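Participant: I'd like to ask some things about the structure below.
The values are calculated or read from the model by the stated rules, or taken from the named source; none is laboratory data. Quick caveat, the model's predicted, so the values are computed rather than measured. In this analysis, Cβ positions are derived from the backbone assuming ideal geometry, glycine residues included, and neighbour counts consider all displayed protein chains.
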Amino acid sequence: MSEVGKILVVGMNRSGTKWISNILCNHPDVIGIQSARGGGIQETNMFGVMQKKFPDLTFVTDYIGLVELWSATDFFKISGIEKEFCYRLKPRPTNCLNMFSVLMSEYARRKGKRFWLQKADPQDGRRALEHFPDARCVIIRRDFSGVLTSVVKLWERSGRKRKLLNACFLFALQEKTLDAIIAHREVCVCKYEDLKRNPREEVHRVCSALGLHFHSSMLDVPFSKNTSFSSDAERVGVISHREWLTAYAILYICRALPRVFLQLIWQFRAARRSYISPGTFGSIKDNYDVT
């Protein structure tokens, strides 16, 4: 089998990355790590936090630490690849992104697929695309009002405090990051609103851009939709008129700032916390009733 290709789906939270990823993984030539637990395509922390924790895999201790930690995650277990596979690799991958690509390529070969697919947020996606210059890329975008309404609804469900400043700041940063990706490489840009309005036409266009043949069965995703609302009527009143005025004022200010400045602020805040993406150790939480 020829070398396995890479497809990266990049977009901000609540913009449809999971939806378009699940659709593309329905193509007979494409595969991703999917599970009903997470509504289909699974998140990976190999593009972000794992790189910070294990920056140089030429050190044996870092390599062992990565393998032992990653092999305990749902993502790794779903692949069905043995932990010993990582220890048998000659030569060993020297960083987390190379390790990720090796595992995903092996997974795709075992399943007889031509491409592996992974989704990522704009910051992690930009780093991954710089590392994988041969990767095919789909960027999905969504209007600010749709993203913010969905985010606020999730906050309501989880009982979290509304942090409009954080949400607007992150939207502006990720918007500028997506613009930077588009400016420096060939990508297929997909609009959430277009995908919702005419899924068949939009997916056909995305497939053409990726060099894939469109199959109508791709639209029959076997996972529940990762949506915050069951109908458009539920969106009304989620955010008050005063909150909208505040949000757009914050967004206007953030958009006026350089991306580099916004990125520095984000990195400073991120340095104050270290975490593993939620949901990546689901089976462990179930087995030991950890909450």
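Participant: Residues in region 88-103: is at least one at pLDDT 95 or above, closer than 22 Å to Ala172 by Cβ, assigned by TED's automatic domain parsing to the domain that holds Glu3 and buried (at least 18 other Cβ atoms within 10 Å of the Cβ)?
Facilitator: Checked against the condition, which is being at pLDDT 95 or above, closer than 22 Å to Ala172 by Cβ, assigned by TED's automatic domain parsing to the domain that holds Glu3 and buried (at least 18 other Cβ atoms within 10 Å of the Cβ), region 88-103 yields no hits at all.
Participant: Hey, another quick one. Hey, among Ile239, Ile182, which residue is closer than 28 Å to Leu257 by Cα and touching a strand residue (DSSP E or B) at 6+ places or on another chain (Cβ under 7 Å)?
Facilitator: Working: Ile239 fails: touching a strand residue (DSSP E or B) at 6+ places or on another chain (Cβ under 7 Å).
The unique qualifying residue is Ile182.
Participant: Residues Tyr288, Tyr252, Tyr275: which one is modelled with pLDDT of 95 or more and exposed (fewer than 12 other Cβ atoms within 10 Å of the Cβ)? Please lay out each step first, then the result.
Facilitator: Values: Tyr288 fails: modelled with pLDDT of 95 or more; Tyr275 fails: modelled with pLDDT of 95 or more.
The conditions single out Tyr252.
Participant: Just the residues that are assigned to a loop (DSSP other than H, G, I, E, B) and without any contact (Cβ under 8 Å) to a residue 12 or more places away in the chain, please, taken from region 228-239.
Facilitator: Pass one, region 228-239, residues assigned to a loop (DSSP other than H, G, I, E, B): 228-231, 236-239.
Those that are assigned to a loop (DSSP other than H, G, I, E, B) and without any contact (Cβ under 8 Å) to a residue 12 or more places away in the chain: Ser230, Ser231, Val236, Gly237.
Participant: Next question, about the same structure. What are the residues in region 245-256 that are of a type in the set (A, V, I, L, M, F, W, C) and free of Cβ contacts under 8 Å to residues at least 40 places away in the same chain, if any?
Facilitator: Going through region 245-256, the residues of a type in the set (A, V, I, L, M, F, W, C) turn out to be 245, 247, 249-251, 253-254, 256.
If the condition is that a residue be of a type in the set (A, V, I, L, M, F, W, C) and free of Cβ contacts under 8 Å to residues at least 40 places away in the same chain, then Leu245, Ala249, Ile253, Ala256 are the ones that fit.
Participant: If you go through region 184-220 one residue at a time, how many are under 18 Å from the mean Cα position of the chain (by Cα) and assigned to a loop (DSSP other than H, G, I, E, B)?
Facilitator: So the count comes out to 1.
Participant: Shifting gears a bit: (1) assigned to a loop (DSSP other than H, G, I, E, B); (2) farther than 24 Å from Lys153 by Cβ; (3) in contact with a strand residue (DSSP E or B) (Cβ under 9 Å, 6 or more places away or on another chain): which one isn't true of Phe223, the others all being true?
Facilitator: (2)
Participant: Using beta carbons and a limit of 6 Å, which pairs, at least six apart or on different chains, have the first residue in region 11-25 and under 18 Å from Lys153 (Cα atoms) and the second one hydroxyl-bearing (Ser, Thr, Tyr) and part of a helix (DSSP H, G or I)?
Facilitator: Arg14/Ser150; Ser15/Tyr192; Gly16/Tyr192
Participant: Moving on. Just to be sure, is Lys119 in contact with a Ser or Thr (Cβ under 7 Å, 6 or more places away or on another chain) and assigned by TED's automatic domain parsing to the domain that holds Lys52?
Facilitator: Working: in contact with a Ser or Thr (Cβ under 7 Å, 6 or more places away or on another chain): yes; assigned by TED's automatic domain parsing to the domain that holds Lys52: yes.
Against the criterion (in contact with a Ser or Thr (Cβ under 7 Å, 6 or more places away or on another chain) and assigned by TED's automatic domain parsing to the domain that holds Lys52), Lys119 qualifies.
Participant: Restricting attention to helices (runs of 4 or more DSSP H) lying wholly within region 72-142, give those where 1 or more residues are among the hydrophobic types (A, V, I, L, M, F, W, C) and touching a residue at least 40 places away in the same chain (Cβ under 8 Å). Working first, answer last.
Facilitator: Numbers: elements: 74-79, 83-88, 96-111, 122-131.
The helices (runs of 4 or more DSSP H) meeting that bar are 74-79, 96-111, 122-131.
Participant: Which ones in region 199-212 are in contact (Cβ under 8 Å) with a residue 40 or more places away in the chain and on the phi < 0 side of the Ramachandran plot?
Facilitator: Going residue by residue through region 199-212, those that are in contact (Cβ under 8 Å) with a residue 40 or more places away in the chain are 199, 203, 206-207, 209-212.
Matches in region 199-212: Pro199, Val203, Val206, Cys207, Ala209, Leu210, Leu212.
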